[in-house]
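Each remark here refers to the structure printed beneath this line.
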Amino acid sequence: MTTDTSPAPGRAARRRSPLLDLPGAVAADGVDAGTAWHYGDPVREQRYLEEGLGVVDLSHRDVVTVTGPDRLTWLHSLTTQHLLDLAPGVSAEAMVLSPHGHVEHVLHVVDDGATTWLTVEPGTGPDLVAWLDRMRFLSRVEVVDVSDRWAVLGEARAAPAAPGEPPVWVDPWPRVQEGSAAYGVADSEHVGRSRRWREVLVPRAGMPAAVGDRPPVGTWAAEAVRVAAARPRHLFETDHRTIPHEADWLRSAVHLAKGCYRGQETVARVHNLGRPPRRLALLHLDGSGHALPPRAAAVRRADDPTAAVGFVTSVARHAELGPIALALLKRKVSADAGLVVDAGPDGAAPVAAAQDPLGLA
């Protein structure tokens with residue numbers, strides 16, 4: 001198994017994490033370059049993570065700050081999320097959409113009372129800052145990319161920041177947030193219902209001290225936990241035409257009753273009048289072979305493999321579930337349809353796949 005080589009990691013590859021100097025560290029590549037793929041035992045690392053003991057190096061994520069008295073009202077007007085009343089220490093997920101409603105940026109948002117902190121996928125921070133700067137007009141805000149000074153650490157915990165702690169973003173997935181909606185199953189039945197995840201912002205120079213003697217965990221294990229929870233990730237479960245509904249992202253990142261923002265017409269129209277053309281599926285892959293299908297591999301119906309009905313967006317090896325994947329499928333593909341996934345260019349046989357019943361209608 002190799003790590004993903006696309007999308008391009010941009011400048012994130014030039015920010016080498018100090019945690020790569022820890023014993024056993026094997027560097028990740030692709031979009032996660034600059035951090036550790038694993039530290040010698042990804043299965044054990046996943047168990048440490050799920051027990052709340054391990055720490056994941058997410059220092060390749062870009063970090064952006066927004067300051068000024070208008071910061072929350074301004075971000076509220078530009079994104080999919082209701083941020084007007086965001087209290088200090090409360091987390092939110094928001095999106096910047098294109099005029100046609102396609103996902104351009106996914107923001108992990110937390111405000112500390114003076115600064116709104118945004119973390120985004122590696123390499124996307126500069127584009128986000130450039131766009132936000134163009135949208136300032138007369139708003140009293142300042143936008144700064146602080147990725148060279150601040151870093152992100154991931155933990156399988158759901159606790160907000162304690163007094164004196166640095167800013168902490170707590171992942172809302174998969175709980176349906178106020179003003180949001182779900183296309184799939186209820187929170188209590190979702191495969192990710194037990195997911196606990198938070199991202200702690202720390203000074204980059206202080207990363208080793210922040211980890212301390214806790215077990216370090218690589219992106220291999222972190223991605224396995226994410227995929228098992230059917231948690232969409234920008235640049236993975238998105239392409240140039242993804243709308244939030246397709247990944248069931250209305251749950252956590254879209255407020256359906258807020259004021260106007262770019263792309264809102266598409267969000268409202270699809271939600272009120274129809275269904276999105278694709279849906280996210282969690283696939284359990286046949287693990288009899290040693291290799292996993294690559295990202296972007298075509299997904300086909302087992303009873304009619306001539307035409308693709310979707311493509312793989314993320315692939316992982318889970319300690320208990322084995323090989324799993326997320327895929328975007330055409331909505332007309334039934335939830336009980338047998339599937340096969342192309343194995344890649346080496347001529348290997350297609351990999352059989354069964355869908356987990358996420359309940360996406």
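Taken together, the values in this text are just the output of simple stated rules run on the coordinates, not laboratory data. Computed from a predicted structure; not experimentally measured. As a convention, Cβ positions derive from the backbone with ideal geometry for all residues, glycine included, and neighbour counts pool all protein chains shown.
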Check: If you plug each phi of segment 86-103 into the Karplus form 6.51 cos²θ - 1.76 cosθ + 1.60 with θ = phi - 60°, what whole-Hz ³J(HN,Hα) values come out, in order, with x for Gly and Pro?
Finding: 5, 7, x, x, 8, 9, 8, 10, 9, 10, 9, 10, 6, x, 9, x, 7, 6
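About the Cα centre of the chain, how large is the charge dipole given +1 on each Lys and Arg Cβ and -1 on each Asp and Glu Cβ? Please answer in debye to the nearest 20.
Details: 38 positive and 44 negative charges, 133 e Å.
Dipole size: approximately 640 debye.
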Next item on the list: Specify the inter-centroid distance of segment 130-160 and segment 284-325, based on alpha-carbon positions, in whole Å.
Entry: 35 Å
Note to self: Among TRP37, TRP131, TRP220, which one shows the highest mean-square fluctuation when the chain is modelled as a Gaussian network with alpha-carbon springs under 10 Å?
What the structure shows: TRP131
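Trypsin sites (Lys or Arg not before Pro) within segment 73-153: which are DSSP loop residues with at most 12 other Cβ atoms inside 10 Å?
Details: sites: ARG134, ARG136, ARG140, ARG149; in loops: ARG136, ARG140, ARG149.
Here the sparse-neighbourhood loop sites are ARG140, ARG149.
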Checklist line | Peptides 53-60, 234-241 ordered by average Cβ neighbours within 10 Å, highest first | finding: 53-60, 234-241
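Where does each of 290-303, 61-74 land if you order them by average Cβ count within 10 Å, highest first? Provide the component values of the computation, followed by the final result.
On the way: 290-303: 17.7, 61-74: 19.5.
Peptide ranking by packing, descending: 61-74, 290-303.
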Next item on the list: Using the number of other C-beta atoms within 10 angstrom as an exposure proxy, rank LEU86, LEU138, LEU19 with the fewest first.
Entry: LEU138, LEU86, LEU19
Item checked: Extreme residue, positive dipole direction of the chain, given options VAL200, VAL144, GLY179 (C-beta unit charges) -> GLY179
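Rounded, prolate or oblate for segment 62-271? Axes are the square roots of the Cα gyration tensor eigenvalues, ordered a ≥ b ≥ c, and the cut-off for rounded is a/c under 1.5.
Values: a/c = 1.60, a/b = 1.10, b/c = 1.45.
Oblate, because a/c is 1.5 or more while a/b does not exceed b/c.
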Notebook entry, point to check: When the chain is treated as a GNM, springs tying every alpha-carbon pair under 10 Å, which of ALA36, ALA224, ALA25 comes out with the largest mean-square fluctuation?
Noted result: ALA25
Margin query: Which residue, LEU339, HIS240, GLY24, has the largest displacement toward the positive end of the dipole of the chain when charges sit on each Cβ (Lys, Arg +1; Asp, Glu -1)?
Written below: HIS240
Next item on the list: Order by neighbour count: ASP171, ASP21, fewest other Cβ atoms within 10 Å first, most last.
Entry: ASP21, ASP171
Check: Does the chain come out rounded, prolate or oblate, given a ≥ b ≥ c as the square roots of the eigenvalues of its C-alpha gyration tensor, rounded meaning a/c under 1.5 and, failing that, prolate meaning a/b above b/c?
Finding: oblate
